[in-house]
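K.L.:
Here it is, the structure in full.
The values are calculated or read from the model by the stated rules, or taken from the named source; none is laboratory data. Given the structure is predicted, the values throughout are model-derived calculations rather than measurements. Neighbour counts run over all protein chains shown; Cβ positions are idealised from the backbone, glycine included. Surface accessibility is based on the protein's heavy atoms, side chains included, excluding ligands, DNA and RNA. Shrake-Rupley method; radii C 1.70, N 1.55, O 1.52, S 1.80 Å.
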Amino acid sequence: LFRLRWFSSMSQKDYFALLDQPQTYAVDSSSLEAVKNTLLTRLHPDRFVNCSALEKRLAEQMSVQINEAYRTLTDDLLRAQYLCRLRGFDVNEHRPMPADFLMRQMQAHEALEACEQSHDETMRFALLREVQLSQKRLIETIRKAFDDDHDDRAAYEATRELMFVQKLLAQIQP
């Protein structure tokens, strides 16, 4: 009965609470990993050998949830999207992006196309570095908006831009 209550209380927590972390964009990677490992050790199948089928299934489901929480909170984009969702913003909502951002994206796509047509790896590497720098700036913008300024709207807008930048990075990288 104790285990069933524990499973129930754990399954109702958001990912930050589940992994005993503050609900901030900046995360402590070593703390996240330590808590994840502690929880997964508690849920290891060997500990449930003599338990009911229900308890075994719940332990397995909790392990999946813990791994998903860890994957989400250790990934910059997934963590930003998750925080946006927790704060009531749908990052997949179809809303127009700012014109200047779209213009920069079009220019980057044109540059990528030129790299591919000319097989110019030096130009491709320069574009990669430029987009990585943009990614880094957006991540810092998101961190500052969520953690310092408590401006969820600004974090949401920057997260939407980061989604585009991540896709572009995936296209640039060989």
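K.L.:
Residues in segment 104-126: is at least one closer than 27 Å to Q173 by Cα, modelled with pLDDT of 90 or more and not in a helix (DSSP H, G or I)?
P.N.:
Yes, segment 104-126 contains at least one residue that is closer than 27 Å to Q173 by Cα, modelled with pLDDT of 90 or more and not in a helix (DSSP H, G or I).
K.L.:
Looking at the structure I just gave you, is E93 over 23 Å from the mean Cα position of the chain (by Cα) and exposed (fewer than 13 other Cβ atoms within 10 Å of the Cβ)?
P.N.:
no
K.L.:
List the pairs whose first member sits in segment 77-101 and is farther than 11 Å from E157 by Cα and touching a residue at least 60 places away in the same chain (Cβ under 8 Å), whose second member is of a type in the set (V, I, T) and open to solvent by less than 20 Å² (accessible area, probe 1.4 Å), and whose Cβ atoms are under 6 Å apart, counting only residues at least 6 apart or on separate chains?
P.N.:
Y82/T72
K.L.:
Assess whether R160 counts as being open to solvent by less than 40 Å² (accessible area, probe 1.4 Å), at pLDDT below 95 and basic (K, R). Show your work before the answer.
P.N.:
Working: open to solvent by less than 40 Å² (accessible area, probe 1.4 Å): yes; at pLDDT below 95: no; basic (K, R): yes.
Answer is no for this residue.
K.L.:
Name the pairs whose Cβ atoms lie under 7 Å apart, with the first residue in segment 104-132 and in contact (Cβ under 8 Å) with a residue 24 or more places away in the chain and of a type in the set (D, E, K, R), the second assigned to a helix (DSSP H, G or I) and open to solvent by less than 100 Å² (accessible area, probe 1.4 Å), and 6 or more positions between them or separate chains?
P.N.:
Within 7 Å, the pairs are R124/C115; R124/I172.
K.L.:
Something else about it: Could you grab me the full set of residues in segment 45-71 that are of a type in the set (V, I, T) and surrounded by 13 or more Cβ atoms within 10 Å (Cβ to Cβ)?
P.N.:
Passing the criteria: only I66.
K.L.:
When you look at T72, is it in a loop (DSSP other than H, G, I, E, B) and β-branched (V, I, T), yes or no?
P.N.:
So T72 does not fit the description; no.
K.L.:
Another question, if that's okay. Would you mind stating whether H150 is loosely packed, with under 13 Cβ neighbours inside 10 Å and at positive phi?
P.N.:
Here the answer is yes, as H150 does meet what is asked.
K.L.:
Could you give every pair whose Cβ atoms fall below 7 Å, whose first residue belongs to segment 33-58 and is within 27 Å of D75 (Cα to Cα), and whose second residue is surrounded by 13 or more Cβ atoms within 10 Å (Cβ to Cβ) and of a type in the set (D, E), counting only separations of at least 6 or pairs across chains?
P.N.:
As it stands, the answer is V35/D20, since those pairs meet every condition given.
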